[in-house]
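Visitor: Got a structure for you, written out below as structure tokens; questions coming shortly.
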């Protein structure tokens, strides 16, 4: 950082291309401060994670983050510092510099994060629109934890040691930055982060690319505790996992010839693994661009849900 | 723009250094939607102007802007589009690209803008901390309009044709981007935009630079209508002008040898002019780093006021 907090604007050394994402969260809409589900530090971390996840979904390197805090009456200075500390901890672990921001009075707590990432010369960035018929479809890590954790927070399923990993997915989500860079470098044709649910986000890739993603939900990697919570909710676990938003895992399309390179790159990056869950096929009048989700030979609607605490 | 709205993040070609500022405005704090003082379009323009003004104060080129809109119940789609159109109009006139953003539900209207600017190789960026004893102190444009306009909006002074230019300073502020680049290129040693009032902001330069700015308020260039409003308020016009926030004019320090170059560069840039209003002097135990404001031989406190509609 060439100039930071204390001048009119932050100045940083740029790399070739600048990748920017903005993500805002508002109390009562995206979280519920009064119900004490999340600490201010968790709210800070989660807000930054949402913006960084969009950089991961391009294959960019994280650079700087800028935080806008709208602080309501009664929100103490200590709580505000906790919130910033939560964001700072995730910033440290992801190599992100918190380079500036703005603090304003507001009727309710709100956090808006601008995350700026970079791509160096030769570094591939990957959008949603490059998937080709024949590509493999994969997802990073394990799914369903955020949806299951939310159900527990809302009291729709009981809390137990089994569901703690799922709760962690809601309260302390991790952007898959290293995984995104590895997949982009290994030849990914399309990449998106799962913020609206796998079904919805895979549909975004399909429509942007003009292909149909055929996904076998039986192959989904499930977070610990998802089966138990799904049973409580009367859902099949893969159904819950495919509809669960704010997972912040990546959904990727990749030519089959690049599969080994992608797995090797992910392994070298030391992040979470990848599971291959389907194929991209040519769109047709009968099967237009989008997504088909199948479970035990039955087709499901790709409806997801965004987290609304 | 290499990738824009519709993917996970925006991608733009970078120049050497990246200059970023974030500015948030909240209904009831920074403006009062219910009182109808400003249209949604004016609120959009004003929010962008605040963030761009910080780039002007570094001497950067405007690049991209990212808008976060928190929309309350009852704020119509047409109003939201008006707000964006107001920002887009200022973006166009300043060469800024609105490259992305986020729209969320919120209990009251809030707008957060991240403005990203650029500096090319060899381009000077100027902070607050470079003023030297002997430097001239100047301000761009004319001051006091925002403070006078606010007093009229609040009903503390009568509205008349005379005060329309002052009202325009509140409702449609213009960031001084071309002027900032011209002054930086001509050798400015310190630069700040007047958001808290000239007295306060000149004090920021003085303390950051370790010098004392001695400013003759009698030399201040006054916006039309400021004298009339000041008389209504029982103030002297330069007093009102020195305390008026969100002026978005620039305060600059510059070696006397660069004065002609600065005036020439400003003239070539086709923007507002500059008025020389004082000198930087060495700080001492008796006169510590900061600012001295003098009017008719009398010293005034540098207190400013931020606009709080």
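Visitor: Within the stretch B:1-14, how many residues turn out to be assigned to a loop (DSSP other than H, G, I, E, B) and at the interface with chain A (Cβ under 7 Å from one of its Cβ atoms)?
Guide: 4
Visitor: For the condition over 20 Å from residue B:303 (Cα atoms) and either surrounded by fewer than 19 Cβ atoms within 10 Å (Cβ to Cβ) or at pLDDT 95 or above (or both), what is the one hit in B:188, B:230?
Guide: B:188
Visitor: Also, quick follow-up: Could we say that residue B:50 is within 13 Å of another protein chain (Cβ to nearest Cβ), over 12 Å from the mean Cα position of the chain (by Cα) and farther than 15 Å from residue B:79 by Cβ here?
Guide: No.
Visitor: Among the residues of the stretch B:269-296, count how many are on the phi > 0 side of the Ramachandran plot and assigned to a loop (DSSP other than H, G, I, E, B).
Guide: 2
Visitor: Would you mind stating whether residue B:233 is closer than 22 Å to residue B:90 by Cβ and out of contact with any strand residue (DSSP E or B) (no Cβ under 6 Å at 6 or more places or on another chain)?
Guide: No, not satisfied.
Visitor: Something else now. For the stretch B:64-76, state whether one or more residues are surrounded by fewer than 17 Cβ atoms within 10 Å (Cβ to Cβ) and either touching a strand residue (DSSP E or B) at 6+ places or on another chain (Cβ under 6 Å) or within 10 Å of chain A (Cβ to nearest Cβ) (or both).
Guide: Yes, some residue in the stretch B:64-76 is surrounded by fewer than 17 Cβ atoms within 10 Å (Cβ to Cβ) and either touching a strand residue (DSSP E or B) at 6+ places or on another chain (Cβ under 6 Å) or within 10 Å of chain A (Cβ to nearest Cβ) (or both).
Visitor: Condition test on residue B:50, is it crowded, with 17+ Cβ neighbours inside 10 Å, part of a helix (DSSP H, G or I) and out of contact with any helix residue (DSSP H, G or I) (no Cβ under 8 Å at 6 or more places or on another chain)?
Guide: For residue B:50, the condition - crowded, with 17+ Cβ neighbours inside 10 Å, part of a helix (DSSP H, G or I) and out of contact with any helix residue (DSSP H, G or I) (no Cβ under 8 Å at 6 or more places or on another chain) - is met.
Visitor: Then there is this: From B:270, B:278, B:245, which residue is touching a strand residue (DSSP E or B) at 6+ places or on another chain (Cβ under 8 Å) and at pLDDT below 95?
Guide: Result: B:245 is the single residue among B:270, B:278, B:245 that is touching a strand residue (DSSP E or B) at 6+ places or on another chain (Cβ under 8 Å) and at pLDDT below 95.
Visitor: Here is a follow-up. Is there a residue being part of a strand (DSSP E or B), within 10 Å of another protein chain (Cβ to nearest Cβ) and surrounded by 19 or more Cβ atoms within 10 Å (Cβ to Cβ) anywhere in the stretch A:53-63?
Guide: Scanning the stretch A:53-63 turns up at least one residue that is part of a strand (DSSP E or B), within 10 Å of another protein chain (Cβ to nearest Cβ) and surrounded by 19 or more Cβ atoms within 10 Å (Cβ to Cβ).
Visitor: Now for a different question. Return only the number of the condition from (1) touching a helix residue (DSSP H, G or I) at 6+ places or on another chain (Cβ under 8 Å); (2) within 9 Å of chain B (Cβ to nearest Cβ) that residue A:79 does not satisfy.
Guide: Tallying (1) touching a helix residue (DSSP H, G or I) at 6+ places or on another chain (Cβ under 8 Å); (2) within 9 Å of chain B (Cβ to nearest Cβ), residue A:79 fails exactly one: (2).
Visitor: Within the stretch A:15-47, can you find the residues that are facing another protein chain (nearest Cβ under 7 Å), within 22 Å of residue B:98 (Cα to Cα) and buried (at least 20 other Cβ atoms within 10 Å of the Cβ)?
Guide: If the condition is that a residue be facing another protein chain (nearest Cβ under 7 Å), within 22 Å of residue B:98 (Cα to Cα) and buried (at least 20 other Cβ atoms within 10 Å of the Cβ), then A:17, A:18, A:19, A:20, A:21, A:22, A:23, A:24 are the ones that fit.
Visitor: Here's something else I'd like to know. Out of the residues in the stretch B:91-135 meeting the condition of being touching a strand residue (DSSP E or B) at 6+ places or on another chain (Cβ under 6 Å) and closer than 11 Å to residue B:189 by Cβ, tell me which one is farthest from the other protein chains (Cβ to nearest Cβ).
Guide: Of everything passing the filter in the stretch B:91-135, B:133 is farthest from the other protein chains (Cβ to nearest Cβ).
Visitor: Quick one: residue A:299 ticks every box in (1) surrounded by 24 or more Cβ atoms within 10 Å (Cβ to Cβ); (2) assigned to a strand (DSSP E or B); (3) out of contact with any helix residue (DSSP H, G or I) (no Cβ under 9 Å at 6 or more places or on another chain) bar one, so which box is it?
Guide: Failed condition: (1).
Visitor: Of all helices (runs of 4 or more DSSP H) completely enclosed by the stretch A:136-250, which ones contain at least 3 residues that are more than 19 Å from the chain's Cα centre (by Cα) and within 14 Å of another protein chain (Cβ to nearest Cβ)?
Guide: none
Visitor: Let me ask something additional. Output the number of the condition that residue A:108 fails; it satisfies all remaining conditions of (1) assigned to a strand (DSSP E or B); (2) over 15 Å from the mean Cα position of the chain (by Cα); (3) under 30 Å from residue B:29 (Cα atoms); (4) in contact (Cβ under 8 Å) with a residue 40 or more places away in the chain.
Guide: Just one mismatch for residue A:108, condition (1).
The values are calculated or read from the model by the stated rules, or taken from the named source; none is laboratory data. Values in this document were obtained by computation on a predicted structure and should not be read as measured data. Neighbour counts run over all protein chains shown; Cβ positions are idealised from the backbone, glycine included.
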